[in-house]
Amino acid sequence: MSNLDRAELRIIGFLCNWCSYGGADTAGVSRFNQPTDLRIIRVPCTGRVAPLFVVKALMSGADGVLVSGCHPRDCHYSEGNFYARRRFEMLKRFLPTLGIEPERFEYIWVSASEGGRWQSSVVSFTERIHGLGPSPRVKLAMYDERLVASAL
Amino acid sequence: MSEIELAYYPGCSQVGTSVEYDMSTRACCKALGIRLFETPDWTCCGATPAHVVDHALAAALAGRNLAQAESVGARQLVTPCPSCLLALRSARSRCQNEAFKRRVERLLGRPMPMEVESRSVLQVLVEELGIERIVSSATRRLEGLAIAPYYGCLLTRPPGLMAFEDPENPTSMDRLFSALGARVAPFSLKTECCGAALAVPKQEAVLELSGRILEEAEATGAEVLVVACPLCQMNLDLRREQIERRLLRRFSIPVLYFTQLLGLALGLDAERLGLGLHNVSALPTLTRLRQAWATEK
Amino acid sequence: MQDFYDAPAHRLMRLVQLGRRAEALASSSLWLCAGCGQCSARCPNELDVAGVLETLRQMARRAGILPQPNVEAFARCFLNSVRAHGRVFELGFLLRYKLASGRLFEDLDLGPKLLKLGKLSLKPHSCRGQAEVEAIFQRFSNEGAHERN
Amino acid sequence: MRIGVFVCHCGSNIAGTVDCPAVAAAAQRLPDVAFAQDTPYACSEPGQRGIIQAVEEFGLDGVVVASCSPRMHEATFRRTMERAGLNRYMFEMSNIREHVSWVSKNKELNTKKAIDLVRIAVEKLRYNRPLTSKSFAVNKRVLVIGAGVAGIQAALDCADGGLDTVVVERSQSLGGKMAKLDKTFPTIDCSVCVLGPKMVDLTQHKNIKLYAMSEIEEVRGYVGNFEVVIRRKAAYVDWNICNGCGLCSAKCPSRKSHDAFNEGVGHTTAISIPSPQAIPKKARIDPSTCLQFTKGRCRHCEKVCPVKAINFDMQDELFTEKVGALIVATGFDLLNVSQFGEYGGGRYPDVVTSLQYERMLSASGPTGGHLKCPSDGREPKSVVFISCVGSRDRSRGRPYCSGFCCMYTAKQAILTKSHLPQCETHVFYMDIRSPGKGYDEFVRRAQEEFRTNYVRGRVSAVRPKNGRLSVRGVDTLLGEQVELEADLVVLAVGAGASDGAKELAEKLRISYDAYGFYMESHPKLKPVETNTAGVFLAGACQGPKDIPSSVSMGSAAAGKVMALFSKERMESDPQVAIVNPIRCVGCLKCLRTCPFGAIQEIVGRNGEPRAQVIESICQGCGICSVTCTPRAIELLHFTDNQLLAEVNALCRTWIEPSSE
């Protein structure tokens, strides 16, 4: 991992408490080395992640947003990740309208046992964002946040 | 029913020591409505010796033939020889690595065709046509003929590369010939090695391994050993007397290519199938079959 | 084939793990592997044993370590024949191999049989692709020359 | 607000790769932070005392601890908060160990990351509000799924503890895998003699209700108040009447049924009782082979049944049980043997699985305990055991050790010798795994006293040869290939999750690993809990286990249930959704999306429809909150404002330096 010789980028992760947050813990317990760019925010379920949060992050200067939850059919709340999947698919199509490259956003499924999978997901997503480079500086005033919120 | 068209790569053996494999393959395909057009100006695939020297050299020698097939618009290449098949498939698979591919292309002097898929004749017959259709084209039954199907090492291995059948227990020939009326002996050395190309430099090893296969085949009561590989056929048939001298015993079982036996069921002439071209003649065994067909009529 | 090996496959894997290069490359087992791939298919650790042996064989050849010179000679004669004719000329390369290996009297029984069956052609198959094959070999030896410089 | 921040070193676990004093110093400058300090071990008694003292001394009303994962110690620190007289939801945790110090060695970047994580915790905490739990009544009944030895133990312990216990078993008889074993290691006790009395106790216990031949159809509700729908499959025999006399089976003309109890060694009749020791000892009809079902004529059993228990029109029945907790003890299954073509698994009759071999050794088995080759009934002169068949095998996607195979293989070798002293026994092994009381001594006995030839190496192929089997392999200690002749080959097939384990997990909303084994809540400290409150694990459903471990885990799960039920009422998690009735427009999208039915429709002040959350049912997922267009539903403790505060905290630090 070559994070020594390059500037960190700004990546936010929304992880569900039951599977992916545990998966990231498992990766830690197993000492699976990862790039340091990612900052994790804990949520109960990917179904709690409003597309607004993702847009807000990307428009406020984040270079990438990664959402991770339980595998389909394995949601702690039965079907939260199904709702999430539908919302995020829509969101991906909507991002270009806001002038945001859709590649800056990704959602994945990682279970609490999959430390290795979490590591490789972090590595590849971080690589992807470094490939895209820092996001173009957005003039926040250009957007009316409430307008965006209501569109979502 | 539309004809199946495939580029055909015979491989060097098929114009030399195993000419009957080539003859019977062409005859069967024709009878089954598969049009084979020969890859123009094909050359040696590099075989095992190229792999002794260098992987990129091997891939370039094999890749040239893929490129030749592609130049006439082929997407599918079929070869009777498992050794050639391995060379062709592993060339393409190794070229998934970009650096390796660039080196191969430098040697080859042209782009490596990544879209041309190669398969064995056996695989095309059972997967593309299907056993049912083959049986419906048959004009004769191989009723009662006891056969031991011998697949050899390379038709199914390495499993990830060949992607054909259960590597431990392939059954395509078993299924094909039992559907055609033959009695398939429970032959347990289906995928053991015959010694392959070591026959020349390390003869004694090959004689031991091939001898074991003959022993087992005869022990199962099979009348014919059916093979799909020119190297296997040569070791088991042409080296028969050498094996007998080494193991101090005699074997009588003839070794036929599966296409020869299939050809008989399709009603093709023994001559077109090269049935007289073996060291250990299969004719006595086949005479019995022929008599059975005669009495039927 | 393991009956003929001087070192079993698992010992060779261990030598590779320990980096004991000279011992691994000197093993004649490398040259007696027929490449059937059973070891790779069986290995519970998913080692491509046959692939490792193949690579070791190439390394040994480059280093000039040839404990089974006949196997190497066989490969060399075979490829020379391919280089000269585009396809392998069976009779020609076997004769050359016999001269190279000195095993003049082996397999003498096979020739007459093949001739009788009309399977051994006395002259090479001509093939227009030969020039291209020759070019591949040429570029390959140039590559080697660059490496040496 | 006055916030205190505590940055834990966790010895060198965190401090080794994070500059903890620098993190504390940076925290000191964050808004509302009145106190910040680094501490060697925040979770230790002095560490917690330090937090309480700081709360008192500096008048703190919120605390952030930057240490390990909240999945590890959030509960610990919430208790500390209460001891300090604060509401336990006025607390946030930054995970700077699992997510920072353990996944990168770059101290500079780690420190920067840790500061960011503390920053977002502080920003979130500024929006936290004290929350109080409500309490609800607990239904003190427990349901045990699976009646193998782990489930039996769990059920008996719960029932002895006075709990009303429901046991659901998928197969016709209790006992699971242990009931199929002939003897057990390392004592060579008769397996069913040990287990049988427990099985009897279970059926006769006044607190236990048993559903055999039944499966879980649906699970609703939550800890303390589950509702479980059970499907009892039609046996076509009225078990209230059947007396287990076995006349039906003796007269049944269809003798081609798969004998599940005997692992397919031999066949059984279409109407059958699995074994003489079966409990409950009741007959059932296999409709796939019964002539009455397949051909429409027979009814022999109906004629001979002395108590008229046969009922061809029987249907599956559904039952609902209300319980407060569940114990999952669904065990394991052997991997499918036919995938091991190199050993001829499923292809050659004299190649058998270890469990089939147990049945062949057992006096109650199909051969009456006489060791015979299935192919022709001859006595074997040589038996070869192959261990690690599908265990520790990455090429089969099974890298794990099944744990008990080394031991039962040694046991089977010993039993073979006691059945047939002249029979040769050989074991091919990779390593011998025998950690356990008396275990390694037992393996030694197999080798020395019972003269079993242990060969260290793998087998490459098993094939028929001259009417026997030839086993070719390598002896890695000799460095030679070996070829042995055998009459029987016994494959120590690895353990996989029980059939249907994943589907059941999805019904229970518990996690499973890549192989279908259920995930415990914490590998060290919560081995029988799951991530779903009120659902506990026992036995090999969590991973391969031998009998003593399964029994211990059964008792442990029962203990957990009893501790849970020791209170009359349970506290609910206050992290629930609430509806702001002023914003709610009554579209009721939330009602349709809630997976738990926790939202009901009420009538607003002017007769208009409004949504309302039933707090005791809400599980706090927050799906409704995102669904709500007018943003009238908030999930407490994870409100939009709290989550956006975290996002903003991160983005602000990124934007501000460059905008100067």
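So residue C:122 fits all but one of (1) facing chain B (nearest Cβ under 10 Å); (2) surrounded by fewer than 16 Cβ atoms within 10 Å (Cβ to Cβ); what number is the exception?
Just one mismatch for residue C:122, condition (1).
Among the candidates B:240, B:246, B:272, which residue alone is in contact with a helix residue (DSSP H, G or I) (Cβ under 6 Å, 6 or more places away or on another chain) and closer than 18 Å to residue B:194 by Cβ? Step through it out loud before you land on a result.
Working: B:240 fails: in contact with a helix residue (DSSP H, G or I) (Cβ under 6 Å, 6 or more places away or on another chain); B:272 fails: closer than 18 Å to residue B:194 by Cβ.
Matching residue, one of B:240, B:246, B:272: B:246.
Which ones in segment A:5-39 are among the β-branched types (Val, Ile, Thr) and more than 7 Å from chain D (Cβ to nearest Cβ)? I'd like the intermediate steps shown before the answer.
Keep residues of segment A:5-39 that are among the β-branched types (Val, Ile, Thr), which gives A:11-12, A:26, A:29, A:36.
Matches in segment A:5-39: A:11, A:26.
State the number of residues belonging to segment B:167-218 that are farther than 24 Å from residue D:468 by Cβ and among the acidic types (Asp, Glu).
Matching residues across segment B:167-218 total 1.
Under 6 Å between Cβ atoms, at least 6 apart or on separate chains: pull out the pairs that start in segment D:432-453 with a residue that is under 27 Å from residue D:422 (Cβ atoms) and end on any residue that is crowded, with 16+ Cβ neighbours inside 10 Å and of a type in the set (Lys, Arg).
From segment D:432-453, the pairs are D:450/D:417.
When the residues of segment C:3-36 are narrowed to those that are outside any loop (DSSP other than H, G, I, E, B) and within 10 Å of chain B (Cβ to nearest Cβ), which ends up surrounded by the fewest Cβ atoms within 10 Å (Cβ to Cβ)? Spell out the reasoning first.
Keep residues of segment C:3-36 that are outside any loop (DSSP other than H, G, I, E, B), which gives C:3-4, C:9-17, C:21-26, C:29-32.
Now restrict to residues that are within 10 Å of chain B (Cβ to nearest Cβ): C:3-4, C:30-32.
Working: C:3: 10, C:4: 17, C:30: 28, C:31: 27, C:32: 22.
Per the criteria, the residue is C:3.
In the set B:185, B:294, B:196, which member is within 19 Å of the chain's Cα centre (by Cα) and either small (Gly, Ala, Ser) or assigned by TED's automatic domain parsing to the domain that holds residue B:170 (or both)?
On the way: B:185 fails: within 19 Å of the chain's Cα centre (by Cα); B:294 fails: within 19 Å of the chain's Cα centre (by Cα).
The conditions single out B:196.
Mind checking which residues of segment C:37-92 are outside any helix (DSSP H, G or I), within 7 Å of chain B (Cβ to nearest Cβ) and under 19 Å from residue B:153 (Cα atoms)?
Correct list: C:37 only.
Taking strands (runs of 3 or more DSSP E) that do not extend beyond segment D:317-375, which have at least 1 residues that are within 18 Å of residue D:146 (Cα to Cα)? It would help to see each step written out before you state the result.
Details: elements: D:317-323, D:325-328, D:332-334, D:351-353.
Those strands (runs of 3 or more DSSP E) span D:317-323, D:325-328, D:332-334.
Of the residues D:71, D:83, which is modelled with pLDDT under 95 and not aliphatic (A, V, I, L, M)? Lay out the reasoning, then the answer.
Working: D:83 fails: modelled with pLDDT under 95.
Going through D:71, D:83 in turn, the sole match is D:71.
Tally the residues that are farther than 28 Å from residue A:130 by Cα and more than 8 Å from chain D (Cβ to nearest Cβ), restricting the search to segment A:40-90.
Count: 2.
Residue by residue, here is whether (1) surrounded by 23 or more Cβ atoms within 10 Å (Cβ to Cβ); (2) closer than 27 Å to residue D:169 by Cα; (3) out of contact with any Leu (no Cβ under 8 Å at 6 or more places or on another chain) holds:
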{"site": "D:269", "(1), (2), (3)": "yes, yes, yes"}
{"site": "D:273", "(1), (2), (3)": "yes, yes, yes"}
{"site": "D:309", "(1), (2), (3)": "no, yes, yes"}
{"site": "D:314", "(1), (2), (3)": "no, yes, yes"}
{"site": "D:341", "(1), (2), (3)": "no, no, yes"}
{"site": "D:360", "(1), (2), (3)": "yes, yes, no"}
{"site": "D:366", "(1), (2), (3)": "no, yes, yes"}
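Considering segment B:249-297 alone, what residues qualify as being part of a helix (DSSP H, G or I) and crowded, with 20+ Cβ neighbours inside 10 Å?
B:258, B:259, B:260, B:261, B:262, B:263, B:264, B:265, B:286, B:289
Return yes or no: is residue B:283 under 16 Å from residue C:117 (Cα atoms) and in the same structural domain as residue B:176 (by TED's automatic domain parsing)?
Yes; evaluated as a whole, the condition is true for this residue.
Kindly list, by first and then second residue, each pair from a residue in segment D:70-91 that is within 14 Å of another protein chain (Cβ to nearest Cβ) to a residue that is among the β-branched types (Val, Ile, Thr) and assigned to a helix (DSSP H, G or I), limited to pairs with Cβ atoms under 7 Å and residues at least 6 apart or on different chains.
none
More than 14 Å from chain B (Cβ to nearest Cβ), in contact (Cβ under 8 Å) with a residue 40 or more places away in the chain, more than 28 Å from residue A:77 (Cβ to Cβ) and touching a strand residue (DSSP E or B) at 6+ places or on another chain (Cβ under 8 Å), is that true of residue D:494?
Details: more than 14 Å from chain B (Cβ to nearest Cβ): yes; in contact (Cβ under 8 Å) with a residue 40 or more places away in the chain: yes; more than 28 Å from residue A:77 (Cβ to Cβ): yes; touching a strand residue (DSSP E or B) at 6+ places or on another chain (Cβ under 8 Å): yes.
Against the criterion (more than 14 Å from chain B (Cβ to nearest Cβ), in contact (Cβ under 8 Å) with a residue 40 or more places away in the chain, more than 28 Å from residue A:77 (Cβ to Cβ) and touching a strand residue (DSSP E or B) at 6+ places or on another chain (Cβ under 8 Å)), residue D:494 qualifies.
Those residues that are within 14 Å of chain C (Cβ to nearest Cβ) and either over 26 Å from residue B:207 (Cβ atoms) or within 17 Å of the chain's Cα centre (by Cα) (or both), I need them from segment B:274-291; list them, please. It would help to see each step written out before you state the result.
Step one: of segment B:274-291, the residues within 14 Å of chain C (Cβ to nearest Cβ) are B:274-283.
Within segment B:274-291, B:274, B:275, B:277, B:278 qualify.
Kindly indicate which of D:615, D:634 is assigned to a strand (DSSP E or B) and more than 10 Å from every other protein chain (Cβ to nearest Cβ).
Just one listed residue meets the conditions, D:634.
Tell me yes or no: at least one residue of segment D:562-571 is modelled with pLDDT of 95 or more and within 14 Å of chain A (Cβ to nearest Cβ).
The answer is no, given that none of the residues of segment D:562-571 is modelled with pLDDT of 95 or more and within 14 Å of chain A (Cβ to nearest Cβ).
Go through (1) in contact with a Lys or Arg (Cβ under 8 Å, 6 or more places away or on another chain); (2) over 21 Å from residue D:136 (Cβ atoms) one by one and return the number of the condition residue D:641 breaks.
Going through the list (1) in contact with a Lys or Arg (Cβ under 8 Å, 6 or more places away or on another chain); (2) over 21 Å from residue D:136 (Cβ atoms), residue D:641 breaks only (1).
Filter segment D:503-530 for residues that are assigned to a helix (DSSP H, G or I), within 11 Å of the chain's Cα centre (by Cα) and facing another protein chain (nearest Cβ under 8 Å) and give the result. Please lay out each step first, then the result.
Going residue by residue through segment D:503-530, those that are assigned to a helix (DSSP H, G or I) are D:503-508.
Subsequent filtering for residues that are within 11 Å of the chain's Cα centre (by Cα) retains D:504-505, D:508.
The one that is assigned to a helix (DSSP H, G or I), within 11 Å of the chain's Cα centre (by Cα) and facing another protein chain (nearest Cβ under 8 Å): D:505.
So which residues in segment D:577-633 are of a type outside the set (A, V, I, L, M, F, W, C) and in contact with a helix residue (DSSP H, G or I) (Cβ under 8 Å, 6 or more places away or on another chain)?
As a first pass, look at segment D:577-633 and keep what is of a type outside the set (A, V, I, L, M, F, W, C): D:580-581, D:583, D:586, D:589, D:592-593, D:595, D:597, D:600-601, D:604-610, D:612, D:615-616, D:619-620, D:622, D:625, D:627, D:629-631.
Residues satisfying the conditions are D:589, D:593, D:595, D:600, D:601, D:622, D:625, D:627, D:629, D:631.
Considering only segment B:107-121, how many residues are basic (Lys, Arg) and outside any loop (DSSP other than H, G, I, E, B)?
The number of residues fulfilling the criteria is 1.
The values are calculated or read from the model by the stated rules, or taken from the named source; none is laboratory data. Please read these numbers as outputs of a predicted model, since none were measured by experiment. Heads up, the Cβs are rebuilt from the backbone with ideal geometry, glycines too, and the neighbour counts pull from every protein chain shown.
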